[in-house]
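Q: Got a structure for you, questions after.
The values are calculated or read from the model by the stated rules, or taken from the named source; none is laboratory data. Keep in mind that this is a model prediction, so the values were computed, not measured. Ideal geometry is used to build each Cβ from the backbone, glycine not excepted, and the neighbour counts take in all protein chains shown.
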Amino acid sequence: MAAPSVYVDQVPGTYPESPFSGEFRLTPNADLAAVLGSTSAFQSFCLERYAPLTTNTTYAAFVNDESIYGGGLTAGELPGPDGGDLLSPQTAYLYAGFRNQTLLSGYDYGPNHGGSALSLQAAIWYLEGEYVVDAATDYAGFNSLTKAYIQEAMNSGWTDTNGVVVLNLTDGYKNPYQDMLAMTTPIPAPGAMLLGGLGLGVVGWLKRRRMM
């Protein structure tokens, strides 16, 4: 029986700032599809800012609730039971909204959607603690759409990942590569509940998250 694996290629029109930023197209093999509940290819984003990834490549894919490989645990990440970084409910909200096309802040799904892709990728990295030098400076430097995604996620009310999962990718020699987002089916629809303006409160939240 073959092990779960996924073929990774890049989506035309996303204009990633580096080889590690989404969107990416992931095509699961039958064993991974049995876990995810669908044989269809899907779009994904990276969870680690500096972990390696090569396109047009098949990786072994282990379904998990945390990032374990690649970038390593930083001061901004919550440790999971295996010492990795637990996927945050806020990141799960954004990815579910992306897959459902229900993000309140909008997303360009047209042929040249690089601006939306880079903005969402930056928001995911921020929420996952991949920007850890100075949260206030990082947040201030983001474009308006990235800030809107962060605020929407923080106001979502999500306290669980609701079927959004992490794929830990390795090569044939079990060398660790990037961790990427996926989800089980049925795809959960993000709640539209907003809790009011967030503003700079997101920075205070991130600092509290680091102290946990």
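Q: Show the residue pairs that are 6+ apart or on different chains and have beta-carbon atoms under 9 Å apart, the first residue being within segment 20-43 and over 18 Å from ASP179 (Cα atoms) and surrounded by 22 or more Cβ atoms within 10 Å (Cβ to Cβ), the second being modelled with pLDDT of 95 or more and not aromatic (Phe, Trp, Tyr).
A: So the pair list comes out empty.
Q: Right, next: Which of (1) of a type outside the set (A, V, I, L, M); (2) part of a loop (DSSP other than H, G, I, E, B); (3) out of contact with any strand residue (DSSP E or B) (no Cβ under 9 Å at 6 or more places or on another chain); (4) loosely packed, with under 13 Cβ neighbours inside 10 Å is the odd one out, the single condition LYS174 does not satisfy?
A: Tallying (1) of a type outside the set (A, V, I, L, M); (2) part of a loop (DSSP other than H, G, I, E, B); (3) out of contact with any strand residue (DSSP E or B) (no Cβ under 9 Å at 6 or more places or on another chain); (4) loosely packed, with under 13 Cβ neighbours inside 10 Å, LYS174 fails exactly one: (3).
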